[in-house]
Amino acid sequence: MQQITCSALIKHGSYINGSWQQHDNRFDVVNPSNQQLLAKIASADAADAEQAVLAADQAFAGWSAKPAAERSALLQAWYQLIMQHQDDLARLLTLEQGKPLSEAKGEIGYGAAYIQWFAEEAKRLYGDTIPAPSNDKRIIVQRQPVGVVAAITPWNFPNAMIARKAAAALAAGCTFVVKPAQQTPLSALALAELAHQAGIPPGVFNVVAGTDAKGIGEVLTRHAAVAKFSFTGSTAVGKQLLKQCADGVKRVSMELGGNAPFIVFDDADLDAAVQGLMAAKFRNAGQTCVCANRILVQRSVYQAFADKLAIAMTQLNVADGLTDGSQIGPLIDDKAVAKVTQLQQSALDGGAKLLLGGSRHSTGRQFFQPTLISDVNADMAISKEEIFGPVAALMAFDTEQQAIALANNTEYGLAAYFYSRDIGRVFRVAQALQFGMVGINEGIISNAAAPFGGVKQSGYGREGSKYGLDDYTDIKYLCLGGL
Ligand SMILES: NC(=O)C1=CN([C@@H]2O[C@H](COP(=O)(O)OP(=O)(O)OC[C@H]3O[C@@H](n4cnc5c(N)ncnc54)[C@H](O)[C@@H]3O)[C@@H](O)[C@H]2O)C=CC1
Ligand SMILES: O=C(O)[C@H](O)CS(=O)(=O)O
């Protein structure tokens, strides 16, 4: 932690109603790269979560009544502070999450971009007037903030997942309570410190960091004062939280797992496709919900593509995220290493071939070698589940129709990618893919201007873009009569 120049960013307890909480009960935050202890954080519990929800509820009237321009200015101030502290925030993120420093820096900029984006969008929360069926009436439509928003976020983007939910919520006039993942609370608490410094009023942005995910989650999904719940994480947990929200008929956004197909057609620029795949597969050591999971390659270019990919993968630098030039950091924990190992092994047991890597990396016990497997088929677990690790699994196909059928053969529907230079094929395939986001000749699709989200069991709701405020506002229809 000595590498962090601004010590005010290092916090050891939750941020509720503008104050920092203390508790005797503490939990460890550990560097996944070397298992060293980084900090001991006061563990908030369900009672703290309730306190945060009540604070957010109390703050709602004042925050939602502020002119949009004032909310916008406070969000801009938050954005500026985050960018001023980008280096420190990135180091903190790498220390607790493991991703290479360059990626962590990218994530801080990416998260901040949502705050900047929604600071602008706050001023554009337009309504409508609609022609009425008779002349003595007027139909006016306004958008109003839903109220208190509660969120639970994962460890793979400890900054950006919070920033993009909170930014939209605050811009719309909602107040916000988030429970970050237990593995990565430091980035969340640093964001709270900067929100505080930016002058965001007490109770508007709250962070509840604790180990009792279930207990805190019960409050955030069931409390009567919570109007909306937003989750990013695994599909299994998302389904459970959805059930909890159903009792109170909460508004819900779910950004759940993915199983992205990455299709390479025979007319593709193979070098560009390899480059796109390297970004789509190996970012954050493969631990993103939009990572390429099933790599489908047309048979006539299969071998050429595999050869080029193997060369690119051999050049990946596996190292502690703070080491200069690191490209692949550790996986988040031992459980993640076990999952990747097991998925890979069951594919090999089922007849797949190991072309590269295949085991832990000598850098440390949570590092996994960039691994390339060929001859994978659709029945293998590795084709059905999120790998969330640096394992590239190749499958061959013959026709465009077969590629589309294979790609859509999943319960998930978050991101998909394909490479082709045939304009007709580009439109046919883009339309046929059952996914919320499609990268066409592109491996990096996320940015604040674009709507991020999925279909099928990848969830619903869109984050970022001009659509991102919709999930945080209610449409109110005013019928003006007697004219
Ligand atoms: N869509 C995405 O970006 C993510 C997907 N995943 C997927 O999930 C797999 C497992 O990763 P996990 O960290 O275990 O994901 P997870 O879904 O358990 O964790 C995400 C968040 O949910 C919270 N949580 C867990 N159980 C909860 C409960 N009963 N009530 C309330 N909150 C709860 C966690 O504390 C964390 O904040 C990964 O291998 C990956 O496949 C994981 C993280 C992010
Ligand atoms: O959830 C997200 O925003 C993405 O997973 C980030 S990235 O992987 O596209 O960078």
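The values are calculated or read from the model by the stated rules, or taken from the named source; none is laboratory data. These figures come from a predicted structure and were not determined experimentally. We place every Cβ from the backbone using ideal geometry, glycine too, and count neighbours over all the protein chains shown. All accessible areas refer to the heavy atoms of the entire protein, side chains included, with ligands and DNA or RNA removed. Shrake-Rupley method; radii C 1.70, N 1.55, O 1.52, S 1.80 Å.
One residue stands out among those in the range 188-239 that are open to solvent by 10 Å² or more (accessible area, probe 1.4 Å) and among the basic types (Lys, Arg): the one that is nearest to ligand 2 (Cβ to nearest atom), which is LYS239. Among all positions in the range 171-185, there is at least one residue which is under 16 Å from the mean Cα position of the chain (by Cα), surrounded by fewer than 19 Cβ atoms within 10 Å (Cβ to Cβ) and over 23 Å from SER326 (Cβ atoms). Inspect all residues belonging to the range 92-107 and state whether any of them is away from ligand 2 (no atom under 16 Å from the Cβ) and out of contact with any helix residue (DSSP H, G or I) (no Cβ under 7 Å at 6 or more places or on another chain). Scanning the range 92-107, I find at least one residue that is away from ligand 2 (no atom under 16 Å from the Cβ) and out of contact with any helix residue (DSSP H, G or I) (no Cβ under 7 Å at 6 or more places or on another chain), so the answer is yes.
The condition of being farther than 24 Å from GLN36 by Cβ, more than 17 Å from the chain's Cα centre (by Cα) and not charged (D, E, K, R) does not hold for LEU101. Here LEU242 clears all of (1) part of a helix (DSSP H, G or I); (2) away from ligand 2 (no atom under 16 Å from the Cβ); (3) farther than 19 Å from ASP471 by Cα except the condition numbered (3).
Restricting attention to the range 243-268, and to residues there that are open to solvent by 50 Å² or more (accessible area, probe 1.4 Å) and either touching a residue at least 40 places away in the same chain (Cβ under 8 Å) or closer than 16 Å to TYR460 by Cβ (or both), which single residue is nearest to the chain's Cα centre (by Cα)? Among those residues, the one meeting the criterion is ARG251. Taken together, the residues in the range 143-185 that are more than 16 Å from ligand 2 (Cβ to nearest atom) and of a type outside the set (A, V, I, L, M, F, W, C) amount to 10. From the list LEU256, LEU270, LEU296, LEU277, the lone residue that is aliphatic (A, V, I, L, M) and within 16 Å of ligand 1 (Cβ to nearest atom) is LEU256. Taking the residues in the range 430-469 that are surrounded by 18 or more Cβ atoms within 10 Å (Cβ to Cβ) and among the polar types (S, T, N, Q) as candidates, determine which candidate is farthest from ligand 2 (Cβ to nearest atom). Only one residue fits best here, namely GLN457.
Report yes if TYR472 is surrounded by 21 or more Cβ atoms within 10 Å (Cβ to Cβ), under 20 Å from the mean Cα position of the chain (by Cα), among the hydroxyl-bearing types (Ser, Thr, Tyr) and more than 16 Å from ligand 1 (Cβ to nearest atom), otherwise no. Yes: the conditions hold for TYR472.
Selection of the range 399-441 for residues being within 16 Å of ligand 1 (Cβ to nearest atom) and touching a Pro at 6+ places or on another chain (Cβ under 7 Å) yields only ALA416. If the condition is being closer than 17 Å to ILE216 by Cα and out of contact with any Ser or Thr (no Cβ under 7 Å at 6 or more places or on another chain), then the range 151-166 contributes only ILE152.
Taking only pairs six or more apart or across chains, which ones have beta-carbon atoms under 7 Å, a first residue in the range 44-66 that is among the polar types (S, T, N, Q), and a second residue that is open to solvent by 10 Å² or more (accessible area, probe 1.4 Å)? Partner pairs satisfying both residue conditions: SER64/PRO145.
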